[in-house]
Amino acid sequence: MHTTASIPAARRPDGVTAITATATVTRADLADLADPACASATDSGTERASTDPAAASAAAGRRDPAIDLVRALCVLAVVVLHGIQVGVTVTGTAPVLEYTTVYAPWYPPLTWILQVMPIFFVIGGFAGALALRRLLARGGTSTDFVVGRVHRLLLPAIVTVLAVGMVLAWLGILGVPAELLGLAGVRYGQPLWFLGVFLACQALLPALLRAHDRAAVRTLVMLVIAAVTVDALRGLTSIDALGYTNIAFVWLALQQLGFFLVDGPLDALSPAVRRSAGAAAVAVLIGGVVAGIWTPDLIAHLNPPTIALLLVGAAQTAALSLLRPALAELSAHPWIEAFTRFVTARTMTIYLWNLPVLLAMAGVSAVLALRDGMPLPEPSGLMWWTTRPWWLVLSIVLTFALAAVLGSIERRRPARPTRLSRRALQAVLLGLIGVLILLLAGTTVLTAGAAVGLFLAALSRIRARVPREDSASPPRVRTVGR
């Protein structure tokens with residue numbers, strides 16, 4: 001299906017005839033803009049010469065294989081991290097959900113490998129900028145971009161949250177203690193911060209990309225200064241709540257860094273400069289940890305976000321820029337290409353279902369322990385280390401199996417998408433409120449129902465009315481006979 005808009009030739013006041021322009025937006029374009037992991041787009045008319053096959057691929061409007069591979073590895077790292085964190089033990093006759101990493105001395109060093117959220121937001125900026133520019137070049141609008149993001153992010157969330165709410169209701173009927181269900185609901189809801197923050201960042205991406213096109217360095221510097229100021233005020237006042245302001249500044253700054261990766265100035269720097277910049281970011285980060293400014297647990301810097309994540313993101317971006325050609329070659333391996341393609345098409349589905357899978361595994365383990373006496377290992381003990389690899393493998397297999405079954409939901413196209421910016425904004429706000437309810441109140445039968453209702457309302461706002469309210473066709477004129 002094509003939507004075509006034509007701008008007829010017109011004579012300007014100076015007597016020059018304007019060129020006729022025709023723009024076509026296809027369903028495939030809407031699919032690209034709807035994909036939060038999309039990295040296929042054109043260069044918005046700017047010619048860039050590059051010997052880097054990955055950069056040339058992006059400039060030509062094709063997917064960037066290196067970016068796709070790194071994003072897929074980030075998703076896998078998050079799945080592994082969650083699998084390490086979730087554990088269950090039995091105290092007396094009751095199961096206990098717990099973080100297996102609390103006070104574990106081996107955990108902070110591991111977070112220096114598994115803290116991938118900064119580079120994920122950089123990649124989100126990279127992919128979003130390319131997708132938006134491609135859309136605009138074909139006659140689309142920023143509203144089309146936001147509508148696609150809302151649909152792609154919230155539709156799979158509706159299915160997951162609804163399923164979790166129904167399972168909680170069923171377990172309550174079976175007599176599972178309310179305290180345990182409440183804890184499970186809190187554990188499920190905690191990772192949903194990503195859904196809300198990524199939705200907000202992508203909704204703001206068109207405005208921030210325009211700011212980048214006007215003053216790239218100034219825009220990034222202002223966001224970084226704002227983040228540093230928030231952290232400084234938090235440290236001086238000891239008011240931790242101030243740190244949550246950086247939910248905006250830190251993640252938007254990292255998204256903004258992705259624009260630099262798109263436009264090529266990072267690749268234009270010599271490898272020595274990029275290596276030095278990455279090493280400097282790591283050195284400052286280590287210095288802050290040694291000085292006691294920051295905790296060595298980099299995952300702890302998510303809540304609230306700190307400028308330590310900016311340093312992590314800077315180092316990771318420098319490394320990605322250096323390794324991009326090699327990663328592009330690696331991604332051509334059939335097995336790696338298949339893995340990347342699978343994860344790219346199901347990013348949100350995998351993220352949203354990973355915790356329910358792990359909590360279900362913990363529940364089954366507790367039942368087997370209470371009913372059949374199956375031993376449950378103490379966290380960080382010898383038996384725990386022996387069995388944890390199998391636990392991780394099983395969680396990955398089950399999560400990916402669910403993603404294979406349910407991934408088509410994520411790839412559905414929005415029906416009759418609106419082109420009114422106010423309706424798109426309303427949809428974003430409704431989605432954010434739904435996420436906040438789950439984060440602040442925990443996931444219960446009631447809050448899951450409320451969140452699903454808000455997500456459904458958001459999807460209804462991005463659907464155009466019938467007849468379409470954004471139609472460019474002239475109004476019908478009723479002819480009255482004589």
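The values are calculated or read from the model by the stated rules, or taken from the named source; none is laboratory data. Since we're looking at a predicted model, the values are computed, not measured. Here Cβ is always computed from backbone atoms with ideal geometry, including for glycine, and neighbour counts include all displayed protein chains. Each accessible area value is taken on the protein alone, full model and side chains, heavy atoms only, with ligands, DNA and RNA left out. Shrake-Rupley method; radii C 1.70, N 1.55, O 1.52, S 1.80 Å.
Please report, in debye to the nearest 20, how large the charge dipole of segment 204-338 is about its Cα centre when each Lys and Arg carries +1 at its beta carbon and each Asp and Glu carries -1 there.
300
Output ³J(HN,Hα) for segment 344-357: one whole-Hz value per residue in order, computed from phi by the Karplus curve 6.51 cos²θ - 1.76 cosθ + 1.60 with θ = phi - 60°, and x for Gly and Pro.
Couplings: 4, 7, 9, 4, 5, 4, 4, 4, 6, 9, 4, 5, x, 4 Hz.
Please list the non-local residues whose amide H lies under 5 Å from the amide H of VAL96, H modeled 1.01 Å from N, same-chain partners needing a gap of 5 or more.
THR89, VAL90, THR91
Once ligands and nucleic acids are excluded and a 1.4 Å probe is used, how much of ASP144 is accessible, expressed in Å² to the nearest 10?
Estimated to the nearest 10 Å², ASP144 gives 20 Å².
Which net charge results when you count Lys and Arg as +1 and Asp and Glu as -1 among the other residues whose beta-carbon is under 15 Å from that of THR91?
-3
Which far-off residues, 5 or more places away or on another chain, put their amide H under 5 Å from the one on THR444, with H placed in the peptide plane?
Residues meeting the amide H criterion: none.
Peptides 115-123, 288-296: what's the order by average Cβ count within 10 Å, highest mean first?
115-123, 288-296
Give me a comma-separated list of calculated 3J(HN,Hα) values for segment 207-221, in order, Karplus coefficients 6.51, -1.76, 1.60 applied at θ = phi - 60°, integers in Hz, x for any Gly or Pro.
5, 6, 5, 5, 5, 5, 5, 7, 8, 5, 5, 4, 5, 5, 4
Please list, in chain and number order, the residues 5+ apart from ARG463 or on another chain whose amide H is under 5 Å from its amide H, with Hs placed from the backbone.
Long-range HN contacts for ARG463: THR418.
Can you work out ³J(HN,Hα) from phi for every residue in segment 415-421, in order, using Karplus 6.51 cos²θ - 1.76 cosθ + 1.60 and θ = phi - 60°, giving whole Hz and x for Gly and Pro?
8, 6, x, 6, 10, 8, 5
Can you check what the net charge comes to around ALA207, using other residues whose Cβ is under 14 Å from the Cβ of ALA207 (Lys, Arg +1; Asp, Glu -1)?
+2
Count the net charge of all other residues whose Cβ sits under 13 Å from the Cβ of ALA104, scoring Lys and Arg as +1 and Asp and Glu as -1.
Value of the local net charge: -2.
Among LEU223, LEU327, ILE293, pick out the residue whose Cα is farthest towards the positive end of the charge dipole of segment 202-352, where Lys and Arg carry +1 and Asp and Glu carry -1 on C-beta, about the Cα centre.
LEU223
Using +1 on the beta carbon of Lys and Arg, -1 on that of Asp and Glu, and nothing else charged, what's the dipole of segment 105-226 about the Cα centre, debye to 20?
In total the dipole reaches around 520 debye.
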